[in-house]
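Have a look at the structure below before the remarks.
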Amino acid sequence: MSKLKQLDMNIIKSLCASMACIFLIIDSTSAQTQTLRVLDTSGKTLVLNIDDKCLIFGVATWCPHSLELKKLINYSSVSSDLHKARIIFVFENDEWPDVEAQLKQLVDAQEMTSDDAEDKLAELKERAHGSNLFDPDFIKDAGCECYQLPPGSTVKITGFPSQYSTGKRAFIGWSPKVFLKFTSSENLMAAIDAIYPKQ
């Protein structure tokens, strides 16, 4: 019996809960090639061909869990195996509405004033040098392909991070177990133990 089959999925489920990730079984019933329309980093429209070797994640540069996912795919015990996969990060076309919404929550909770929120937003946008990503440096060392959804895309990223399901043609929850197709349970567990905070 392979190491993959011997893996106790209850351990993975527990790890997902401790990481505050949504645990969903990823629908991988469709092995046929599909397409996803995206923008590259220069703003050029591309059509990605997606097959069963693609792992596509919806991420956000402001999201700490997306940063943890980036660390996971670049962790030494995992990254050496992931050359077998095509890992793709997809960002929203414009991250600033999410950032503004988070600042508004702080204002509503009376943790900052409206004026302070406006000043903070201006400061953050200046730091991003006009990018529609909160932290454009996020993609420099992502370790994978990076794209953005085009304006008006019917595909929506409803949580961060999330994985694109070819069966549902939508971003849904994710679990580290998706990497077990490409790496061993021991390597994956070593990376998880090193990256994710213990609770």
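Working ranking of peptides 168-180, 95-107 by packing, defined as the average number of other Cβ atoms within 10 Å per residue, highest first, is 168-180, 95-107. Summarising the amide proton neighbourhood of Y196: residues at separation of 5 or more, or on other chains, whose placed amide H is nearer than 5 Å comprise an empty set. For the range 163-174, backbone phi angles converted through the Karplus equation (6.51, -1.76, 1.60; θ = phi - 60°) give residue-by-residue couplings of 10, 6, 9, 5, x, 8, 6, 7, 7, 10, x, 9 Hz, Gly and Pro being listed as x.
First select every other residue whose beta carbon is under 15 angstrom from the beta carbon of G152; then total the charges, Lys and Arg +1, Asp and Glu -1.
Neighbourhood net charge equals 0.
Sequence-ordered 3J(HN,Hα) estimates for the range 101-116 from the Karplus curve with 6.51, -1.76 and 1.60 and θ = phi - 60° stand at 5, 5, 5, 4, 4, 5, 5, 4, 7, 6, 8, 7, 8, 4, 5, 5 Hz, glycine and proline given as x.
Label-to-label distance, D94 versus K198, with points set 7 angstrom from Cα along the beta-carbon direction: 4.5 nm. Annotation: amide H-H contacts under 5 Å for L55 (H modelled 1.01 Å from N, sequence separation of 5 or more, or interchain): R86, I87, I88.
Each reported figure results from applying straightforward, stated rules to the coordinates on display, with no laboratory input. A quick note: this is a predicted structure, and the numbers were derived from the prediction, not measured. Don't worry about glycine lacking a Cβ; one is built from the backbone with ideal geometry, like all the others, and counts go over all protein chains shown.
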